[in-house]
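The values are calculated or read from the model by the stated rules, or taken from the named source; none is laboratory data. Remember, it's a predicted structure, so these values are computed and weren't measured experimentally. So basically every Cβ, Gly included, is an ideal-geometry build from the backbone, and we count neighbours across all protein chains shown.
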Amino acid sequence: MFRALIRKELDKIVSAGGGQARGAVFNIERRENPEHGDYSSNVALILAKIEKKNPRAVAEDLALRLRSGQLSRVCEKVEIAGPGFLNFFITREALIENLSIFSRLTLSSGAPTRIQKSKSFLPSKKINLEFISANPTGPLTMANGRGGFYGDALANILKAVGHKVTREYFINDAGNQIKLLGESILAVEGKIPQKDEYYKGAYIKKLKGKTAKQAVVFLLKEIKNSLKKAGIKFNVWFSEEKNLRKKGELKKTLEFLNKKKTLKEKEGALWLGDAVVVKSNQDYTYFLADLAYHYDKFIKRKFDLAINIWGADHHGYVARMQKGIEALGVRPERLKIIIMQLVRLTSGGKEARMSKRAGEFITLDDLLEEVGLDAARWFFLERSPDTHMDFDLDLAKERSKKNPVYYVQYAHARASSILRKAKIGKMPNLQ
């Protein structure tokens, strides 16, 4: 909760500053040594790089604003350390109050259901949580598991504190990647020459005889089966082809933006800021499809907040998307984008390569079969999404005290036993 409050105040300051800094991605991490604060952020270093300023000067300005803002009610002090890190010290009173709140968590039917009301919590919101959303051009990879388990856990937490959460999977079943999938199948059938950009691997051979659309249906079914094995659930499967393109939603969004006079014509194309929405050949871009999707979220389905969990390769797209929804008339702070950093799978001290396009990857099914669901979920959730991680396959498979998942399972079993004997209730399932 404190991390969220700190991020909210920093986002507010950064957004107010405008310019290229808006939408900047920065970290907020727990400090290992409490003498150096409870949380630390590199926001000043990130902003200084963008704005070409001295990071210490940026940090001092941020600290001054934070001390006089909303954060002062839970933060005892904000200090500057090193080249410009901000260290946050939470007040003892705030820590005690929030410990009291979570101690009143009630357990019903084996799962947390609600937390008693407190002024520290914001009113219940209608939240759209979109995560994984891997293209249906191949099986889910091990890397998809990181965002999958994180999104599932975040949905559970948001629901536990009283929010109405819709878990959503955006199916990218239109556009160039589907065209490439169809051509990849034709190439493996020997009907057209192979190209470097085509999808490869054993799974492509299983798609022989299928059209691109038939392959998408087949692969989407496999994705759903993999998620079922992982215990990850979705309320909505939103198809780009069926829910946006066939219904003419991209054209409607374009007309909406034109009425707001936010688009400019240049070199025969239509631009929103520095991004093309309609190419000079009149083809719609992916950016317009994303705008139509968020128009649907905010304006048609009226979500108070949308949380998107994206892969590290979308890092540079964050600021553009924030500006895009602002052009739709939606406040940028209503869209939260969480970037999941890269995962390396290691075994025997060596990295296992993963590339869906080349057909060299570890599937989520492979990982679950190799290490089990509890270990896979724990190892991914153990690390903050804004940090790069190595998934040690050998450690995850280790059946000894070296493997941390056994301590978690043991703690769960002991807590369940205590609750059972006390006749209080049941511990939530580990999943």
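In this structure, does K228 turn out to be in the same structural domain as I132 (by TED's automatic domain parsing), farther than 27 Å from G329 by Cβ and surrounded by 13 or more Cβ atoms within 10 Å (Cβ to Cβ)? In short, no.
Within the stretch 1-47, if we keep just the residues that are in contact (Cβ under 8 Å) with a residue 60 or more places away in the chain, more than 18 Å from the chain's Cα centre (by Cα) and in a helix (DSSP H, G or I), the residue that is surrounded by the most Cβ atoms within 10 Å (Cβ to Cβ) turns out to be I6. Can you find, within the stretch 200-234, the residue that is farthest from G372 (Cα to Cα) among those that are part of a helix (DSSP H, G or I) and of a type in the set (S, T, Y)? Among residues in the stretch 200-234 that are part of a helix (DSSP H, G or I) and of a type in the set (S, T, Y), the one farthest from G372 (Cα to Cα) is Y203. For the stretch 200-214, the criterion of a residue being among the hydrophobic types (A, V, I, L, M, F, W, C), at negative phi and modelled with pLDDT under 95 is satisfied by at least one position.
Of all the numbered requirements in (1) within 23 Å of L10 (Cβ to Cβ); (2) in contact (Cβ under 8 Å) with a residue 60 or more places away in the chain; (3) assigned to a strand (DSSP E or B), K336 misses one, and that requirement is (2). Considering only residues that are of a type in the set (A, V, I, L, M) and at pLDDT 80 or above, look in the stretch 18-33 and name the one that is nearest to M1 (Cα to Cα). The qualifying residue nearest to M1 (Cα to Cα) is I28.
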